[in-house]
2 protein chains.
Amino acid sequence: MYVIACIYISLCERYERLVALNQRPSYFPRKLLQQNNDHHKDTSAAFRAYRAASFCRETTSDNTACTDQRANYTFGTKEALPEEDPSVIARLNRLQEHYQRSGMRRTCEGILLVHEHGHPEVLMLQIANAFFKLPGDYIYPEQTEIEGIVSRLNERFEPLGNTDPKEREWVIGECLAQWWRPNFETFMYPFLPPHITRPKECKKMYLVHLPQHKTLSIPKNFKLLAVPLYELYDNAARYGPQFAAIPHLLSRFNFEMVDEQGNVISRSVGAPQALDGSDLIPMVV
Amino acid sequence: MYVIACIYISLCERYERLVALNQRPSYFPRKLLQQNNDHHKDTSAAFRAYRAASFCRETTSDNTACTDQRANYTFGTKEALPEEDPSVIARLNRLQEHYQRSGMRRTCEGILLVHEHGHPEVLMLQIANAFFKLPGDYIYPEQTEIEGIVSRLNERFEPLGNTDPKEREWVIGECLAQWWRPNFETFMYPFLPPHITRPKECKKMYLVHLPQHKTLSIPKNFKLLAVPLYELYDNAARYGPQFAAIPHLLSRFNFEMVDEQGNVISRSVGAPQALDGSDLIPMVV
């Protein structure tokens, strides 16, 4: 009964917070971008792109100058990409074998951003209606991190039978976070815990800049979701501590939202210097 | 009774996590750097400095090259610095007046790092044995952010009657996070919530690089604490969501720990490329 009470309190608080945030009654406002059956290919979802500029203290008034990135994404499906391990225990056992053979495992994941109504959303893969994943995986010992994450992104998203080398290209941005696995256990931390000299895995999250146009083919056993930042924030219960921290990792960036025609439709600027009221607010159309 | 049950569960979980992390039984392993009475000036605390390098994807194997920062800090006390507002409500009312006069409030706070036993710690101020604060405060409309944070750091830490202009200098690093206050309420978010076009406050957290030597004079009504990252992590219940997120904000950095003599005594490197086992681990002496 205690447990039920706790969950109830937690749900109530969460519902209030969400409503306060977005004024929408929908409880899980994620958007399914791609359906998992061949009859229904949702290729109409043309999502708007974003432009992110790492916050630069020298230019506090307007730091959104960056390369023009616009999007009009096409989503399709391809053959299933089976999971390597049937269970968490099997995965940890394989990590142990890997460690004995090649040392600490290196994992790289990509944070791909789109937006809707001017609010950033993170592209995520869902397996079995339960687990959420960022695109990416562990990389091989002979690979650099950038080689590794590019090959993993293509494994996830490259259309079947693709012959266009441009479709295999990805612009990998900066590292946003490092997570450490101190033992052969599920816990990871955003720092190396004291007394740990032999971490078993280091996972890095990279910002991936989407190009103006891209076709993303999703393996049949995955769903592609666009999860808004306000849905991830403070929601470790549903998404786990790593994904719930993504809003924190992105908070230093200012975004410029671009529509399908390449027009900037909204912009978030951080604390401009001007006293003119019109400059003191982000432009949200 | 439900509430008590919740707290009990929460405490148990937390205790287990802490023990798992640091193998220490101490429940709140914060270190008090400065005592609040004139008879006991704890000036013996010579803390070790750190060197942080923003993670750079081009040089994954060793990215700790940076300016030499070493520390030997002296802590003293000075006259009390009274709070401007007697209560949270008074503070929010004053924010409202400020907004009507000067638009969105801009606040800047500094993240100052030291280390002990090779683990980074964040310098924090505590008021009335209850509230934790980072050094910093709102800045005036005519100030740039850097001017503002430097004057606030001096307000907090400059020794009384100081005549050395070097003691007034601070090296302000990059912006680590932006927090938005959508309404005249206590909630802040690490993103601008949808439909909010007139935020009331934007708070930025800046990394502040401590010099090799510095005298920090703490106002009598504050305590200076060094809080380890593992203590802040996942501890919004005690430190609030903003400070609990600091480990996430710092996770992309690699640290180099320097002792009082300037020797590098430990180093955390993120996922090096080498297959040699000795290079696959951080050097922790």
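The values are calculated or read from the model by the stated rules, or taken from the named source; none is laboratory data. Note that the coordinates shown come from a computational prediction; the quantities given were computed from them, not determined experimentally. Ideal geometry is used to build each Cβ from the backbone, glycine not excepted, and the neighbour counts take in all protein chains shown.
Would you call A:I139 touching a helix residue (DSSP H, G or I) at 6+ places or on another chain (Cβ under 7 Å), within 13 Å of chain B (Cβ to nearest Cβ) and surrounded by 14 or more Cβ atoms within 10 Å (Cβ to Cβ)? Taking the combined requirement at face value, the residue satisfies it. Apart from one condition, B:L229 fits all of (1) more than 24 Å from B:V88 (Cα to Cα); (2) more than 12 Å from every other protein chain (Cβ to nearest Cβ); the exception is (2).
For the structure I just gave you, tell me whether B:I146 is aliphatic (A, V, I, L, M), at pLDDT below 95 and not in a loop (DSSP other than H, G, I, E, B). Yes. Taking the criterion of being surrounded by fewer than 21 Cβ atoms within 10 Å (Cβ to Cβ) and not acidic (D, E), the residues of region B:115-136 that qualify are B:H117, B:Q126, B:I127, B:A128, B:N129, B:A130, B:F131, B:F132, B:K133.
Scanning region A:139-155 for residues that are in contact (Cβ under 8 Å) with a residue 24 or more places away in the chain and within 16 Å of the chain's Cα centre (by Cα) yields A:I149, A:R152, A:L153.
Among the residues making up region B:113-143, those that are touching a Phe, Trp or Tyr at 6+ places or on another chain (Cβ under 8 Å) and part of a loop (DSSP other than H, G, I, E, B) are B:L134, B:P135.
Considering each residue of region A:104-114 in turn, none proves to be aliphatic (A, V, I, L, M), surrounded by fewer than 19 Cβ atoms within 10 Å (Cβ to Cβ) and touching a strand residue (DSSP E or B) at 6+ places or on another chain (Cβ under 6 Å).
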